[in-house]
Amino acid sequence: MTKATFHISGSSKPLRGSIDVRGAKNDILKGLAAVLLTKGDIAYKNMPQIEDVDRTLELLAALGVRMTGKTARACMLNASHIKGHILRRDIAEQIRASIVLAGPLLARQGKVRFPFPGGCVLGKRPIDLFVRGWQAMGARVRVVDDEYEFSASRLHGADITFYKVSVTGTEAMMLSAVLAHGTTTLRNAALEPEIPHLADFLNSLGAHISGAGTSTIVIEGTGGSVLEGPGEFVTLPDRIEAGSFAALAAARGGKVKITSCNPEHLAVPIEILREMGVRVTVGKDFMLIERTGKIKPIDMIKTREYPGFPTDLQAPFTVLLTRAQGASLVFETIFEGRLAYVDDLNRMGAYITPCDPHRVLVNGPTELRGRRVESPDIRAGLAFVIAAAIAKGPSVLEGIYKIDRGYEKIEARLRRIGVDIERKKS
Ligand code: EPZ
């Protein structure tokens, strides 16, 4: 993990140009996990070149998945012969999404062992929904050397109600249920667009999943037969990256075209930008963001499960709100601990007052001043890139490997629209 830093010179100069969006981290990581349910060649395309993809490919290689034809954005995987049931601890501890691999591995091998999943520390990140789901399908769980071990000679269908909506919980149970004996129903399932995308991919290989994209998903298990390739997984454009670029363009002002994205996945953030006086023109695969006038405050941004305002855009939009002509409330309902970055933003000159562990009042407009700051997690890291880009004076952003986990070569793309940002290896 390099100790690189971003050196950013803030400015009020409007941004101009276009910026392209890469494949979605939270889509490809699940598409890669699904390979464990298959045999034959599976082609992956539009992959982002980010740390989490490299780490997941390493986890799969350690399980015997063969990779050929690796280019910047594509590869071919073949999981006809996989070995073992253990997720490499040194890697699985780094990324939360590694738990999604546990679902198909348990279904394929009848056993899986993995460490408590790592990733961004957004509160305590429990996995009780996964434990309950796999137990409902017949798995036994034990803890061995502070790793989880699930085993099941055969997984059977189950009727599972999530007591709270979980994106990876829904995905992991869907993946496990594909090979189970019998029918599984997932109730109160997550609706994120990556979930129907994953279901369509699995169905193209012979799975029988219906209702993905609604809160009730029904999976007819194959009774243990592995899905047959060949197949193809084309990664969705990253809606969080697109939304983050829109927040940057709105905060700095100017005219920026965000290309290779899917505005349909950003309906609520787009409406919020329009409420704030930002002009958003939408095409099939682009958004044009224009902001010349003042930014209006918004009574409240409340993060919700999809299709509500995404928690992953909360920090970037909070930075944008520091420029609004008045006060706006930000209510983070999904993760505790996802407002911790606000202290550092206040040290840059923001005037954000915490109301309770889930709500802050953003007073604007305030002038941010550049400073040295550590990126706390992937999404708040991007928020500090935005803060530094609009601040007065220079900033140094540390811990940018976290940003590299979710955004491919972000500095090269930001420079093209006028952000003065440079990566320095220290
Ligand atoms: C996914 O995380 C995303 N990660 C997150 O993006 C995203 O913020 C989140 O969904 C919400 O949209 C990936 O897809 C890899 P959850 P996930 O389970 O699935 C609680 C990023 O930066 N919960 O939907 O881990 C949990 O604590 C990341 O790309 C339990 O209580 O989130 C949270 O409060 C950050 N028990 C709520 O549910 C469980 O067993 C929703 O979390 C699981 C979750």
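The values are calculated or read from the model by the stated rules, or taken from the named source; none is laboratory data. Since the structure is predicted, the reported quantities are computational estimates derived from the model, not experimental observations. Using ideal geometry, Cβ is built from the backbone for each residue, glycine included, and neighbour counts are taken over all protein chains shown. These area figures cover heavy atoms from the full protein model, side chains too; ligands, DNA and RNA do not enter into them. Shrake-Rupley method; radii C 1.70, N 1.55, O 1.52, S 1.80 Å.
Among the residues of the range 138-163, count how many are within 15 Å of the ligand (Cβ to nearest atom) and buried (at least 19 other Cβ atoms within 10 Å of the Cβ).
Going through the range 138-163, the residues within 15 Å of the ligand (Cβ to nearest atom) turn out to be 139, 141, 148, 150, 160-163.
When the remaining residues are screened for being buried (at least 19 other Cβ atoms within 10 Å of the Cβ), the result is 139, 148, 150, 160.
Residues flagged as within 15 Å of the ligand (Cβ to nearest atom) and buried (at least 19 other Cβ atoms within 10 Å of the Cβ) within the range 138-163 amount to 4.
Name the single residue that is least open to solvent (accessible area, probe 1.4 Å) among those in the range 302-337 being of a type in the set (Val, Ile, Thr) and within 17 Å of residue 167 (Cα to Cα).
From the range 302-337, those of a type in the set (Val, Ile, Thr) are 303, 311, 318-319, 322, 330, 333-334; that's our starting set.
Then keep just the ones that are within 17 Å of residue 167 (Cα to Cα); that gives 303, 311, 333-334.
Details: 303: 0, 311: 20, 333: 45, 334: 57 Å².
Looking at the filtered set, the residue picked out is 303.
So, residue 275, is that one more than 14 Å from the ligand (Cβ to nearest atom), within 16 Å of residue 253 (Cβ to Cβ) and either open to solvent by 10 Å² or more (accessible area, probe 1.4 Å) or over 26 Å from the mean Cα position of the chain (by Cα) (or both) or not? Taking the combined requirement at face value, the residue does not satisfy it. Applying the criterion of being charged (D, E, K, R) and buried (at least 18 other Cβ atoms within 10 Å of the Cβ) to the residues of the range 42-56, the residue that is farthest from the chain's Cα centre (by Cα) is 55.
To keep it simple, each residue is scored yes or no on (1) of a type outside the set (Val, Ile, Thr); (2) part of a loop (DSSP other than H, G, I, E, B).
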residue: 313; (1), (2): yes, no
residue: 319; (1), (2): no, no
residue: 330; (1), (2): no, no
residue: 336; (1), (2): yes, yes
residue: 339; (1), (2): yes, yes
residue: 344; (1), (2): yes, no
residue: 349; (1), (2): yes, yes
residue: 360; (1), (2): no, no
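A search for C-beta distances below 9 Å between a residue of the range 186-203 that is without any contact (Cβ under 8 Å) to a residue 12 or more places away in the chain and any residue that is open to solvent by 10 Å² or more (accessible area, probe 1.4 Å), counting only pairs 6+ apart in sequence or on different chains, returns 203/209; 203/210; 203/212.
Identify all residues within the range 20-39 that are open to solvent by less than 30 Å² (accessible area, probe 1.4 Å) and either under 19 Å from the mean Cα position of the chain (by Cα) or among the aromatic types (Phe, Trp, Tyr) (or both); write none if there are none. Show your work before the answer.
The first filter runs over the range 20-39 and keeps only residues open to solvent by less than 30 Å² (accessible area, probe 1.4 Å), leaving 21, 23-25, 27-38.
21, 23, 24, 25, 27, 28, 29, 30, 31, 32, 33, 34, listed by residue number.
Restricting attention to the range 169-193, the residues being within 16 Å of the ligand (Cβ to nearest atom), open to solvent by 10 Å² or more (accessible area, probe 1.4 Å) and not polar (S, T, N, Q) number 4. Only a single item in (1) in contact with a strand residue (DSSP E or B) (Cβ under 9 Å, 6 or more places away or on another chain); (2) more than 25 Å from residue 88 (Cβ to Cβ) is not met by residue 165, and it is number (1). Checking the stated criteria, residue 59 turns out not to satisfy the condition of being more than 16 Å from the ligand (Cβ to nearest atom), surrounded by 17 or more Cβ atoms within 10 Å (Cβ to Cβ) and among the hydrophobic types (A, V, I, L, M, F, W, C). The requirement of being of a type outside the set (Gly, Ala, Ser) and surrounded by fewer than 16 Cβ atoms within 10 Å (Cβ to Cβ) is fulfilled nowhere in the range 99-107; no residue meets it.
Under the condition of being within 16 Å of the ligand (Cβ to nearest atom) and open to solvent by 20 Å² or more (accessible area, probe 1.4 Å), which residue from the range 66-96 is farthest from the chain's Cα centre (by Cα)? I'd like the intermediate steps shown before the answer.
Within the range 66-96, the subset within 16 Å of the ligand (Cβ to nearest atom) is 87, 91-96.
If we keep only those that are open to solvent by 20 Å² or more (accessible area, probe 1.4 Å) too, we end up with 93-94, 96.
Values: 93: 17, 94: 14, 96: 10 Å.
By that ranking, first place goes to 93.
Condition check for residue 281 on (1) out of contact with any strand residue (DSSP E or B) (no Cβ under 8 Å at 6 or more places or on another chain); (2) surrounded by fewer than 20 Cβ atoms within 10 Å (Cβ to Cβ): one failure, at (1). In the range 69-76, is there at least one residue being on the phi < 0 side of the Ramachandran plot and touching a Cys at 6+ places or on another chain (Cβ under 8 Å)? There is no residue in the range 69-76 that is on the phi < 0 side of the Ramachandran plot and touching a Cys at 6+ places or on another chain (Cβ under 8 Å). Does the range 350-368 include one or more residues that are open to solvent by 30 Å² or more (accessible area, probe 1.4 Å) and touching a Cys at 6+ places or on another chain (Cβ under 9 Å)? Yes, the range 350-368 contains at least one residue that is open to solvent by 30 Å² or more (accessible area, probe 1.4 Å) and touching a Cys at 6+ places or on another chain (Cβ under 9 Å). Set side by side, the residues 367, 336 differ, and just one is under 18 Å from the mean Cα position of the chain (by Cα) and not basic (Lys, Arg), which is 336. The C-beta contact set for the range 156-170 (first residue on the phi < 0 side of the Ramachandran plot and without any contact (Cβ under 8 Å) to a residue 40 or more places away in the chain, second residue assigned to a strand (DSSP E or B) and of a type in the set (Ser, Thr, Tyr), distance under 6 angstrom, 6+ apart or interchain) comprises 158/184; 159/185. The set of residues in the range 406-420 that are assigned to a helix (DSSP H, G or I) and either within 16 Å of the ligand (Cβ to nearest atom) or polar (S, T, N, Q) (or both) comprises 406, 410.
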